[in-house]
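Only one structure is covered here, and it is reproduced in the block below.
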């Protein structure tokens, strides 16, 4: 009987890529796998089995670049002489070894190797720091409750004085093999969880689990320069692994409390400082707060609102490179409020005496308005 075109079998174009081929084979396997239709009549199951074999053969050829090139050039004849699969020669009992990545979990199967012990789960906790603590770094003490190796049995799960034996269900292999339709499937042993060991006398403290929930104090060094949302990883401080597997890790999420004076822009500290009208106009020298204490800033006369003064090296230590950021002192000129009669009189006189040179931006703006509308 003549064979159908492989592209027609999988219902893909001749330019189909690897992912398209894999998806097409999945669809066909789902459609024709006999075990997906356990109540179908025997003759229909045989037809589905043939269709499934046909799809598997097509996928094996088209997913192999050399075989596909020969097929595209010469058709089925290009695969003769051992270059390609023959339906009568393929060992369908071992199809899962050819397409294990497709079948794993496909029909609820587990085709992997024995798992042995399982790595412990990672844990996540929060550390709350002040703005200054985040900038300078700090060692914090955290109480962490997690599954730890049982103190009674040392993590074995077996009653003290006894030990685990080879699993009777799988003979200590961690896997059982059974016939799945027309091919065999290796599945993780459900009795031992893939470890190949069976605990006949479980530990009373952990009930054979090998772990119990315990609270433990963990000291964590938080590096200088951490910011809100950063995480610090502490290896091996998560939950204990099962049956001797590695422990999980502890992730410490950083939470930083807001500061009444400072905010942060990258590695720079920003401090908004108000100036009186007189200080901005006449100039002055002020003391400003920094993370290291007080520092002096010289404000020249005529300073405008929004001016930024930079204090080098007064910022936050960088996590990505050496050195510290700067402190940015951003000034805001405060307009006087609740003036007394005398203050109003003096300001009015000042305004009357002020020439254009005293307020150049003001004069320039209204000159432009005059040019625009006059």
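The numbers here are math on the coordinates, done by the rules we state, and not lab data. Worth saying up front: this structure is predicted, and the values here are computed from it rather than measured. As a convention, Cβ positions derive from the backbone with ideal geometry for all residues, glycine included, and neighbour counts pool all protein chains shown.
Just a few scattered comments:
- Cα-based shape type of the stretch 234-283, given that a ≥ b ≥ c are square roots of the gyration tensor eigenvalues and the cut on a/c is 1.5: prolate
- Value of relative contact order over the stretch 159-287, rounded to a whole percent, pairs C-alpha under 8 Å and six or more apart: 15 percent
- If R0 is 51 Å, the Cβ-Cβ spacing of residue 11 and residue 261 corresponds to a FRET efficiency of close to 0.15.
- Relative contact order of the stretch 262-333, defined on C-alpha pairs under 8 angstrom at six or more residues apart (%): 38 percent
- Exposure proxy order (Cβ contacts within 10 Å, fewest to most) of 121, 354, 240: 354, 121, 240
- Residue exposure sequence - 64, 249 - by fewest surrounding Cβ within 10 Å: 64, 249
- For the stretch 167-296, average projected area of the Cα convex hull in nm²: 16.2 nm²
- Zero-based 10 Å bins, Cα pair distances in the stretch 262-333, whole percents: 21, 49, 24, 6, 0
- Value of Rg to Rh for the stretch 118-168, rounded to two decimals, is 1.27; Kirkwood radius and Rg both from alpha-carbon coordinates.
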